[in-house]
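The values are calculated or read from the model by the stated rules, or taken from the named source; none is laboratory data. This is a predicted model, so every value here is computed, not measured. Every residue, glycine as well, gets a Cβ built from its backbone with ideal geometry; the counts of neighbours run over all protein chains shown. What goes into the accessible areas is simple: the full protein's heavy atoms, side chains included, and nothing from ligands, DNA or RNA. Shrake-Rupley method; radii C 1.70, N 1.55, O 1.52, S 1.80 Å.
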Amino acid sequence: MSRILIRNGEVVTAVDRYRGDVLIEDAKISLIGASLADIQADKVIDASGKYVLPGGIDVHTHLDMPFGGTTSADDFESGTIAAAFGGTTSIVDFAIQYKGQTLHHAWETWMKKAERRAVIDYGFHMIMTDLNDQTELEMDALVRQGVTSFKLFMAYRGIFMLDDGSIFRALLRTGQNGGTICMHAENGDVIDVLVQRALAQGRTAPKYHALTRPARAEAEATHRAIALAEIAEVPVYIVHLSAAEALEMVTEARDRGLPAYAETCPQYLFLSYDNYEEPGFDGAKYVMSPPLREKATQAELWRGLAFNDLQCISTDHCPFCMKEQKELGRTDFSKIPNGAPGIETRMSLVYDGGVREGRISLNRFVELTSTSPARIFGLFPRKGTIAPGSDADIVVFDPNRAITLSARTLHMKVDYNPYEGRQVTGAADTVLSRGRVVIENGTFVGRPGSGSFLKRATRS
Ligand SMILES: [Zn+2]
C-alpha cells in the first residue's frame with residue numbers, strides 16, 4: 001500500500017475550512033486529523049500556507065472533437081495534462097451521436113479517444129442528434145453504464161439541432177431512467193436567419209458572429225427548455241449560460257421551485273463583446289456559442305453564482321488554433337470554428353476574480369468548481385469533497401502565487417490564449433488524481449492512460 005501524507009495545509013471544502021493533515025492510502029483519502037505527524041508515509045507533501053482543495057471538476061469539455069471540418073486542438077492527453085496543471089482532476093466530456101448512429105457506437109468511439117491518453121478521470125455526456133424509438137431505448141442502457149446525462153441542442157439545424165418534440169421525448173425518458181438532460185439553449189432558426197442576412201449584406205467579420213446571436217435568442221430557448229422540462233416533470237441543466245436575460249429565466253424558474261440548473265464559464269465572467277472589436281481577424285479568438293456579451297452582464301452572472309441561481313462553473317474548453325483552424329472563417333464569420341481554450345485557466349481565474357475580488361467566498365469557490373458539479377452529475381461523494389473514503393483527488397493550491405496567463409507558458413495545444421498577459425494570483429502547486437501525484441512543482445509527473453472512465457450515478 002502506498003501512503004501519502006499532506007501536512008500543515010488549510011483544508012477547504014464547500015462547507016469546511018480548518019488546519020489539518022490528510023492521509024491518502026492508495027487511491028483514497030483514509031484519515032484526516034489536526035495532526036497526523038506520527039504516521040509513517042512514503043511521501044510527505046508540505047502544504048504550509050496553502051489550501052488543500054478537492055480537485056476541480058470540469059463538466060463541459062470538448063477534447064478531440066470534430067467541428068466544422070476540423071478537430072479541436074487538444075486530445076485527451078494534452079487536454080487532461082493541461083487540466084491537471086490548472087487544478088482540475090475530473091472532466092465530463094461529450095460523446096457525439098451523429099445521425100443514423102447508435103448511442104453505443106458514439107460512446108465506444110469516445111472511450112477509444114480517451115483510453116491510454118487521459119491522465120485524470122473522465123466521464124461522458126451523450127450528445128443526441130437523432131432521437132427515434134431505438135435511441136430512446138438506448139438511453140436507458142447508457143444510463144446503466146454510467147453515462148447518465150444527455151446533451152441536446154436547440155441550435156445548429158441540420159447538424160446537432162433537435163425539434164421540440166424530440167427534446168420533450170428525451171426529457172420524458174429521463175423521468176424514467178434517472179438521467180439528466182443538458183441543454184444548449186439558443187434559438188437556432190432565428191440565428192440562422194440573422195446569419196444569412198448579415199452575410200448577404202457583406203458583414204463577414206468575426207464580430208458578426210456575436211451580433212447574429214442575440215441575448216434574447218438565448219433567453220427564449222432557455223425559457224422553452226425549462227418549460228418543456230416542467231411539463232415533463234424532470235430537471236434540466238442549461239449549459240454555458242452567458243446572457244443576463246437567460247439567467248432571469250433560470251432565476252424565475254428556481255423561484256417557483258423548479259429543478260432548473262445552469263452553469264456559466266470563465267469567458268463570460270472575464271471577457272466581453274469588446275473583444276470582438278480587436279483589430280484585424282483577432283476577434284475570431286473569441287468566436288464561441290453563445291458569444292461573449294456586454295460587459296455589464298458579468299456582474300449579473302457573478303450575482304447568479306453568489307446566490308445559487310447558477311450552480312457550476314465549467315469551461316466549454318474547445319480550442320482551435322488561429323492558424324489553419326480559426327482562419328477557415330477569414331472571409332465568413334459563420335465558418336470560424338466555434339470554441340476557445342479554458343480547461344487550464346478556470347481555477348486560477350475564478351479564484352482571482354471571484355474569491356480575491358470578494359465576489360464569492362472560498363467555500364463557494366470550491367462548491368462551484370468541484371462539489372456542485374459532482375452532485376449534479378452523479379460523482380458525489382466519491383469526488384467533489386475531501387472526506388475519508390473519497391477519491392484522493394486533491395489540489396494543493398497556493399493562494400499567493402501570481403502567474404501570467406500566456407499561450408507560451410500554458411499547456412493547452414493552441415496558438416493563442418484569450419487571456420494573454422493577464423495576471424492572476426492563486427494557482428495549483430501539487431495535484432493528485434486518485435492518490436497519484438500528477439503535477440509537482442510545476443512539472444507533469446503523471447502517466448498518459450492512468451485516468452479512468454467515471455461510471456456516474458443517476459439522480460437520487
Ligand atoms: Zn460545449
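Below, the figures for the structure above:
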quantity	calculated
In segment 267-301, the residues that are under 21 Å from His184 (Cα atoms) and among the polar types (S, T, N, Q)	Gln267, Ser272, Ser289, Thr297, Gln298
Single condition Ile24 does not satisfy, out of (1) touching a Cys at 6+ places or on another chain (Cβ under 9 Å); (2) buried (at least 23 other Cβ atoms within 10 Å of the Cβ)	(1)
Segment 36-64 residues that are of a type in the set (A, V, I, L, M) and assigned to a strand (DSSP E or B), paired with ones that are within 16 Å of the ligand (Cβ to nearest atom) and modelled with pLDDT of 95 or more (beta carbon under 6 Å, 6 or more apart)	Ile57/Pro373; Val59/Val92; Val59/Ser314; Val59/Pro373; Val59/Phe377
Residue tally, condition farther than 21 Å from Phe380 by Cβ and among the small types (Gly, Ala, Ser), over segment 87-115	4
Checklist (1) part of a loop (DSSP other than H, G, I, E, B); (2) under 20 Å from Asp121 (Cα atoms) applied to Ser289, failing item	(2)
Test: residue in segment 26-34 that is assigned to a loop (DSSP other than H, G, I, E, B), more than 23 Å from Val438 (Cβ to Cβ) and at pLDDT 95 or above	yes
Matching residues in segment 142-174 - criterion: being touching a Lys or Arg at 6+ places or on another chain (Cβ under 6 Å) and on the phi > 0 side of the Ramachandran plot	Gly146
Positions within segment 423-443 being among the charged types (D, E, K, R) and either surrounded by 18 or more Cβ atoms within 10 Å (Cβ to Cβ) or modelled with pLDDT under 95 (or both), in sequence order	Asp429, Arg434, Arg436
Residues of segment 77-97 that turn out to be without any contact (Cβ under 8 Å) to a residue 60 or more places away in the chain and more than 16 Å from the ligand (Cβ to nearest atom), as a count	0
Count - residues of segment 73-115 that are of a type outside the set (A, V, I, L, M, F, W, C) and open to solvent by 10 Å² or more (accessible area, probe 1.4 Å)	15
Residue match in segment 67-76 (condition: within 16 Å of the ligand (Cβ to nearest atom), within 23 Å of His184 (Cα to Cα) and of a type in the set (Val, Ile, Thr))	yes
Any hit, segment 269-285, residues being at negative phi, at pLDDT 95 or above, crowded, with 17+ Cβ neighbours inside 10 Å and in contact with a Ser or Thr (Cβ under 6 Å, 6 or more places away or on another chain)	no
Unmet requirement for Gly426, which otherwise passes all of (1) outside any strand (DSSP E or B); (2) touching a strand residue (DSSP E or B) at 6+ places or on another chain (Cβ under 9 Å)	(1)
Of residues in segment 389-407 being in a loop (DSSP other than H, G, I, E, B), in contact (Cβ under 8 Å) with a residue 24 or more places away in the chain and not charged (D, E, K, R), the one nearest to Asn177 (Cα to Cα)	Ser390
Selection within segment 302-313 - of a type outside the set (Lys, Arg), open to solvent by 10 Å² or more (accessible area, probe 1.4 Å) and in a helix (DSSP H, G or I)	Trp302, Ala306
Residue tally, condition among the hydroxyl-bearing types (Ser, Thr, Tyr), buried (at least 21 other Cβ atoms within 10 Å of the Cβ) and closer than 26 Å to Gly158 by Cα, over segment 46-72	2
Answer residue from segment 389-406, given it is small (Gly, Ala, Ser) and buried (at least 17 other Cβ atoms within 10 Å of the Cβ) and is nearest to Thr443 (Cα to Cα) among those	Ala392
Subset of segment 254-268 (residues that are in a strand (DSSP E or B), within 17 Å of Thr345 (Cα to Cα) and open to solvent by 10 Å² or more (accessible area, probe 1.4 Å))	none
Cβ-Cβ under 6 Å pairs, at least 6 apart or on other chains, segment 233-256 side free of Cβ contacts under 8 Å to residues at least 40 places away in the same chain and among the small types (Gly, Ala, Ser), far side buried (at least 24 other Cβ atoms within 10 Å of the Cβ) and assigned to a loop (DSSP other than H, G, I, E, B)	none
Residues satisfying the stated conditions in segment 247-267, i.e. within 15 Å of the ligand (Cβ to nearest atom) and among the small types (Gly, Ala, Ser)	Ala262
Residue check, Thr109 more than 15 Å from the chain's Cα centre (by Cα) and modelled with pLDDT under 95	no
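Quick grid of which residues meet (1) away from the ligand (no atom under 16 Å from the Cβ); (2) modelled with pLDDT under 95; (3) surrounded by fewer than 20 Cβ atoms within 10 Å (Cβ to Cβ):
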position	(1), (2), (3)
Phe124	no, no, no
Ala141	yes, no, yes
Phe150	no, no, no
Arg169	yes, no, yes
Gly178	yes, no, yes
Ala200	yes, no, yes
Tyr208	yes, no, no
Leu211	yes, no, yes
Glu218	no, no, no
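For every residue, the table says whether it meets (1) hydrophobic (A, V, I, L, M, F, W, C); (2) within 16 Å of the ligand (Cβ to nearest atom); (3) crowded, with 24+ Cβ neighbours inside 10 Å; (4) closer than 22 Å to Ile376 by Cβ.
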residue: Met161; (1), (2), (3), (4): yes, yes, no, no
residue: Ala185; (1), (2), (3), (4): yes, yes, yes, yes
residue: Gln196; (1), (2), (3), (4): no, no, no, no
residue: Arg203; (1), (2), (3), (4): no, no, no, no
residue: Ala215; (1), (2), (3), (4): yes, no, no, no
residue: Thr222; (1), (2), (3), (4): no, yes, yes, yes
residue: Pro235; (1), (2), (3), (4): no, no, no, yes
